[in-house]
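Here's the structure we're looking at; comments come further down.
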Amino acid sequence: MKETKVVCPKCGASIAIPEHESFTAGIAIGKDSGLGTVTLPLESENNSISKNRTAMKASKKIEAMKAAGIDVTNLFAVTNAEGVESIARLENGGLTILADNDPIIIAIFKGGTVPNRRLFRRWVMAQVFHMLTQKDWKTGKPVGFLNALQAKGFCYSWEMLIEEIRIQAKLEMLDQENFIQRNRWFNKNVAGAMAADYLKQLNEHVEQRKKKCKRCKGTPYITLNGNNIFVDDLRKKVFNPLERCARLIKDAKNMTDLYRAAVGFYQIVKEMYSPYSLVMSPAFKDAYKGAGGYFTMRNLIMFHGCKMLSSKGNPLVESSSLRELDKLAEVYKNGEGWRMFGAMKELIVNNGIDIEAKMNEWRSK
């Protein structure tokens, strides 16, 4: 039988294997294994393999668990002598390693990626760039950002608002940094303004319908979204329920309350009068510009090498650029989102960003 020899990769020295014994170097090796000469891997090779296998850092896993609403107060990121990170749980005074096949980890990471809250909303920049360059399918000319936004439809504005509030309701307790960034523009004030704007448009529509109302046994009625409603019942059946929900929006104490109130309001809207021809609320458009401008700038600075300028016109490093961005965000929140959008355009010009070239680059990847 061919004898197995194990040699050192650096000096070529043979390692003796006694009869009837074995040791492990990735596989079990015995003297009579018939493997010929086996060269041991270098320590650096072992480390690179370990690093590849543990690309999901324990600290990021714990961070993702926290974002998913799991209590992580008794979890710790630990590193062994070989540099491999693991999650350890402190339980009953003892520290135990949490295996990768633990049901909690499987549930969170079944998609194969680790969420990182500081990288979220990267899709916003892609959407903003797309809308800035959107062209009319007939003429091939740019339609403009606001026209591209309005083309998404009135219902889109409420559905996006409600989804944003739903997410913020979770972040409010779990991640204040993230919550503050998102709440600057999509908040109770914007929801209240959108509700008031809808009531104004609805009232104007009803007044127009009253001029041409039909009659049933002499009693006038109008049709709203396929529902026949007597004119005398409009206050009780249409406006009172909407105004009640609008008050709940105004009086919401937290994002969970605001979410319930906004859902209730929009549910009535869908039943009453929500044609695509309705114009989006100016408050929504401004919030959309503010959030779009802020998160686009944040991603341009963090991932595309863009720099804000100092008061003297000098480029700032990344950390200073992000601080300057947050200062602008605090100044331009609550009704001045359009200014943040203008600052975004200025950043793009100052850094020589070609929007269409960037989009083509993403498509090729």
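What ranking do 151-161, 218-228 get when scored by the average of other Cβ atoms within 10 Å per residue, highest first?
On the way: 151-161: 17.8, 218-228: 12.6.
Order by mean packing, descending: 151-161, 218-228.
Estimate the FRET efficiency between Q201 and H304 by the formula 1/(1 + (r/R0)^6), using the beta-carbon distance for r and 41 Å for R0, to the nearest 0.05.
Working: r = 40 Å, r/R0 = 0.97.
My answer for the efficiency is 0.55.
When the Karplus curve 6.51 cos²θ - 1.76 cosθ + 1.60 is applied with θ = phi - 60°, which whole-Hz ³J(HN,Hα) does each residue of the stretch 314-326 get, with x for Gly and Pro?
Taking θ as phi minus 60°, the curve returns 8, x, 9, 5, 4, 4, 5, 5, 5, 5, 5, 4, 5 Hz for the stretch 314-326.
Only residues of the stretch 162-177 count here: report those whose backbone N is under 18 Å from the spot 7 Å along Cα→Cβ of V263, or say none.
Within reach of a label on V263: 162-173.
Figure the gain on full extension for T223 and A77 (residue separation times 0.36 nm, minus the Cα-Cα span) and round it to one decimal in nm. List each step's numbers first, then the result.
Values: separation 146, 0.36 × 146 = 52.56 nm, distance 6.24 nm.
Roughly 46.3 nm would be gained on extension.
Do you know the relative contact order of the stretch 154-279, to the nearest whole percent, from alpha carbon pairs under 8 angstrom that are 6+ apart?
Details: 104 pairs, mean separation 44.4, N = 126.
The normalised contact order for the stretch 154-279 reaches 35 percent.
Subtracting the Cα-Cα distance from 0.36 nm times the residue separation, let me have the gained length for E318 to E271 in nm, one decimal. Let's see the in-between values first.
Details: separation 47, 0.36 × 47 = 16.92 nm, distance 4.88 nm.
My answer for the length gained is 12.0 nm.
Stretch E336-R244 to full length: gain in nm at 0.36 nm per residue minus the Cα-Cα span? All intermediate terms of the calculation are to be shown ahead of the outcome.
Working: separation 92, 0.36 × 92 = 33.12 nm, distance 2.82 nm.
In short, 30.3 nm is gained.
Considering the options L258, W158, F239, tell which one lies farthest towards the positive end of the dipole of the stretch 154-279, charges being +1 on Lys and Arg and -1 on Asp and Glu at the Cβ, about the Cα centre.
Towards the positive end, the residue furthest out is F239.
Which percent of the Cα-Cα distances in the stretch 218-336 go past 26 Å? Spell out each step's value before the answer.
Values: 3348 of 7021 pairs.
Value for the stretch 218-336 (Cα pairs over 26 Å): 48 percent.
List, in order, the whole-Hz ³J(HN,Hα) value for each residue of the stretch 163-175 obtained from phi through the Karplus relation with A = 6.51, B = -1.76, C = 1.60 and θ = phi - 60°; use x for Gly and Pro.
Per residue, the Karplus-derived 3J(HN,Hα) values read 5, 5, 5, 4, 5, 5, 4, 6, 5, 4, 9, 9, 8 Hz.
The numbers here are math on the coordinates, done by the rules we state, and not lab data. Just so you know, these numbers come straight off a predicted model, no measurement behind them. All Cβ positions, even for glycine, are placed from backbone atoms using ideal geometry, and neighbour counts span all protein chains on display.
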